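Right, one structure below, let's go through it.
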Amino acid sequence: MKTIFLLLCVALARSDTPANCLYEDIRGTWTFQETERSGDSSLNCDQLGPVVHTKTFTLSFPDTATDELGNEGTWTMIYNQGFEVNITERSYFAFSYYEGSWLASTSFCDRTFNGWSRDRTVRNWSCFKGQKLNATVPRVTRKMRSQPPTRAFKNDLKMVEEINAAETSWRAKVYPRHEEYTVEEMFLRAGGPGSVLPNPPSPAPATPQQKARVSFLPENFDWRDVEGVNYVSDVRDQGGCGSCYVFASMAQLEARLRIATRNQRQDVFSTQDVVSCSVLSQGCLGGFNYLIAGRYAMDQGVVAEECNPYAGFLGTCDTDASCARTYVSEYEYVGGYYGACNEELMLQALVEEGPMAVAYMVYDDFHNYEGGIYHHTGFKNDFNPLEVTNHAVLLVGYGVDSSTGEKYWTCKNSWGSDWGEDGFFRIRRGTNECSIESLAFHSTVIP
């Protein structure tokens, strides 16, 4: 099995980013130095090239972007990794600048690495680099605790017993196959270092209009059974690679394609294509749905599983170039920007548009979930020395427990069908359990 230390060495040569930038670091006025707008989606921005355009953008609360001519557009944080600006029919994205590695890094949030710009029709590509007019204080963060790469994961029997003795909402069990992984591989299965999010946003307060709209929705809903029809693809297993963000992204596109075509297209999309080929991904070290089911799916498109079958490690980009690609036409965080999400908006988007990728914090007790409505217990596996991660899954439904009245979300995981409730799990709804109501994302697939 691949170790996190081998992956670290490979990944740092790609576009991996242990940056940790906050909203206030990014908000303000920026200057973008941009090259000629004559490239295509294969444009390599490792080197900036001659600057042809200089643009000035003021990024204001909550999501308004204004250029030097007074034109208005929108902007959003991409978790803590970078930001995207959409204005005057062009879209700009770049990762925030950092120095160091996953073990110790310094984030310089007032500048970016070279990023990509293209117009609304996904043409006329250019490279750019951003510099904020007002400097920010560098952030020294993301110090991942390292352990020997061969250290085997051990199930914590005592923790499982304590959970089952204390809990009535959900049950825990021991999964013997977890011990096939190292501690680091279990860390990757839960998101990996590229998905650690120290400061997840809180849900936005629901407006009276949002509450009124969801009052008309059914009490229980599940895309696996809409008038007897299932629109959700089968559960898969990501193995020891931190690719949950890709599995959740592809599962979202698969489900929404089934809905759009009334199950006439039941594609299974290649996760390995993203892991090995996308400059927007963190490979097996984790990543973010917005950049994959959104920007990558719009810019490059996704391919069928057989075009690059899943290997479970970084590897080289071996996608069959002759394969047809499926694209999305729109994408956004639920609510329109990072930080605008809440339970009411998620309910409405789920029913009206389809399953969507969500992220939440994975604690030690979650690995042992067997069934019921999960909430974090506080019990901790002392054997696990790694940090809490931001895990991505597919939200497929919601409901209310008939015996207890407890509200829940239903999600599809990527840990195999022998985990949880046939590969799915339920988690407490309405309380932002593990930040699950903070980070929902959706996109519109083109059939």
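The values are calculated or read from the model by the stated rules, or taken from the named source; none is laboratory data. Remember, predicted model here, so these are calculated numbers, not experimental data. Cβ placement follows ideal geometry from the backbone for every residue including glycine, while neighbour counts extend to all protein chains displayed. Side chains included, ligands, DNA and RNA excluded: accessible areas come from the protein's heavy atoms. Shrake-Rupley method; radii C 1.70, N 1.55, O 1.52, S 1.80 Å.
Annotations
- Accessible area per residue, Å², segment 83-143 with all protein chains present, probe 1.4 Å: 43 Å²
- For the chain, complete DSSP H runs whose alpha carbons reach 18 Å or more along their own long axis and whose mean Kyte-Doolittle score is -0.5 or higher are 244-260.
- Ligands, DNA and RNA excluded, the heavy atoms of Glu332 present near 70 Å² of accessible surface to a 1.4 Å solvent probe.
- Reported value for the chain: 139 Å³ per residue, from the convex hull of its C-alpha atoms.
- Packing, as the average of other Cβ atoms within 10 Å across residues, places the peptides 309-315, 38-44, 240-246 in the order 240-246, 309-315, 38-44, highest first.
- Span from the segment 298-346 Cα centroid across to the segment 160-198 one, whole angstrom: 26 Å
- Among Glu161, Glu343, Glu185: highest mean-square fluctuation, GNM of the chain, C-alpha pairs under 10 Å: Glu161
- Computed over protein heavy atoms with a 1.4 Å probe, the carbon and sulfur contribution to the accessible area of segment 290-447 reaches 46%.
- Summarising the amide proton neighbourhood of Phe95: residues at separation of 5 or more, or on other chains, whose placed amide H is nearer than 5 Å comprise Phe113.
- Accessible surface calculations at 1.4 Å, restricted to protein heavy atoms, place segment 201-303 at 36 Å² per residue.
- Segment 99-114 and segment 414-428 have their alpha-carbon centroids 35 Å apart.
- Remark: relative contact order (the chain) = 17 percent; criterion is Cα-Cα distance under 8 angstrom and separation of 6 or more residues.
- Accessible-area value, Glu89, 1.4 Å probe, nucleic acids and ligands omitted, Å²: 120 Å²
- Probe 1.4 Å, all protein chains present, accessible-area order of Ile292, Ile259, largest first: Ile259, Ile292
- Calculated from backbone phi, Karplus (6.51, -1.76, 1.60) coupling profile of segment 396-406 in Hz, x at Gly/Pro: 10, x, 7, x, 10, 5, 5, 8, 10, x, 6
- Listed residues Ser270, Ser96, Ser215, most fluctuating in the chain (Gaussian network, C-alpha, under 10 Å): Ser215
- Between His53 and Ser169, the FRET efficiency estimated from the beta carbon spacing at R0 = 60 angstrom works out to 0.60.
- Average 1/r across all pairs of distinct alpha carbons in segment 320-373, invert it, and you get the Kirkwood radius: 14.6 Å.
- Count of Lys pairs (Cα-Cα under 20 Å; at least 8 positions apart or interchain) in the chain: 10
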